[in-house]
Amino acid sequence: MRIRSALLLLLLAVAASLARAGDEPLTLGVFPRRNSAETTKLFSPMAAYLGERLGRRVTLVTSKNFDSFWEAVSEQRYDIVHYNQYHYIRSAQNYQVVAHIEEFGKSTIASVIYVRKDSGITELAQLRGRTIIFGGGEDAMISYIANRYLLERAGLRKEDFKSLFAVNPPNAILALNHRQADAAGAGDVILEMSEVKGAMNTDELMALAVSPPLLQLPVAVKRDMPAKLRDSIQSLLVNLENDEAGKRVLKAAIMTRMGKAEDKDYEPHRKIAAAVLGAESSIRRTSRPKP
């Protein structure tokens, strides 16, 4: 009788422990495409929405820079993560993509080399020996890697120009506007972002070169996440546009909608990254001007 009671108590303790584990908060990580304050403002409604619908708290975590963000991804601190395409490619062993975003009505994004209209620069070849500022760093898929691909196709290798890195893509454009560089690498949606439009006259810039369109930024979850939870998160994200609360979440995050995504959708990004980075095994940082 005592043995049976002890066993029952043990089973109850295990069940309680499992219940508590199931109720543990999920962590939503968002990469520093914008500054931390702006990221918090944009994505807090999404974290709250997911938490309410999943029945467990979802905690939003932001990072001050790409280095600290990538460290957290490498250590798998995020259960759900919104990041750039190259981040996903590098972390696909531990994370599974479930969705992609859509911005300004577009599910794709292109890399663009921008210059000032009064610069006299009309072709990529003229950037030889000049300074180009990229948004984010050498692990930025659109701002840096895909733009490097454009430059290399024009015959400009990495050593043929001076590279600078801004904290994020908006800062790269602002640096170009302040003439801290001869050109800037970012995505084709950058001039629509409020932090850019509100700080400068974007009509003074022009696109010098534009890449083919690539699928937009991904959202991924840990690969060891239970399938039921993973599917629930995917369903909630891709159906945000279908209810009023979800539409408010999209509006807050400056998104049009989200669509389903799977690993093969990012194969074009893999090919570009392989062509550009090749044997470059380490991600390095250089000086980052602050306009």
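So which of GLU138, GLU152, GLU159 is closer than 24 Å to ALA274 by Cα and free of Cβ contacts under 8 Å to residues at least 24 places away in the same chain? Step by step, each of GLU138, GLU152, GLU159 is checked, and only GLU159 is closer than 24 Å to ALA274 by Cα and free of Cβ contacts under 8 Å to residues at least 24 places away in the same chain. Cβ-Cβ contacts under 9 Å between residues 6 or more apart (or on different chains), taken from a first residue in the stretch 229-256 that is open to solvent by 30 Å² or more (accessible area, probe 1.4 Å) and in a helix (DSSP H, G or I) to a second residue that is at pLDDT 95 or above and of a type in the set (S, T, N, Q), are listed as ARG230/GLN96; GLU241/THR256; ALA252/SER44. If only residues of the stretch 94-109 that are at pLDDT 95 or above and in a loop (DSSP other than H, G, I, E, B) are counted, the one that is farthest from SER143 (Cα to Cα) is ASN94.
Within the stretch 47-68, the set of residues being touching a helix residue (DSSP H, G or I) at 6+ places or on another chain (Cβ under 8 Å) and either at pLDDT 95 or above or among the polar types (S, T, N, Q) (or both) comprises TYR49, LEU50, ARG53, LEU54, ARG56, ARG57, VAL58, THR59, LEU60, VAL61, THR62, SER63.
Do we have SER91 as out of contact with any Ser or Thr (no Cβ under 9 Å at 6 or more places or on another chain) and either in contact (Cβ under 8 Å) with a residue 60 or more places away in the chain or surrounded by 22 or more Cβ atoms within 10 Å (Cβ to Cβ) (or both) here? No: the conditions fail for SER91. Only one of the numbered conditions (1) assigned to a loop (DSSP other than H, G, I, E, B); (2) closer than 29 Å to ARG90 by Cα is violated by MET200, and that is (2).
The values are calculated or read from the model by the stated rules, or taken from the named source; none is laboratory data. Worth saying up front: this structure is predicted, and the values here are computed from it rather than measured. Cβ coordinates were reconstructed from backbone atoms using ideal geometry, including for glycine residues, and neighbour counts include every protein chain displayed. These area figures cover heavy atoms from the full protein model, side chains too; ligands, DNA and RNA do not enter into them. Shrake-Rupley method; radii C 1.70, N 1.55, O 1.52, S 1.80 Å.
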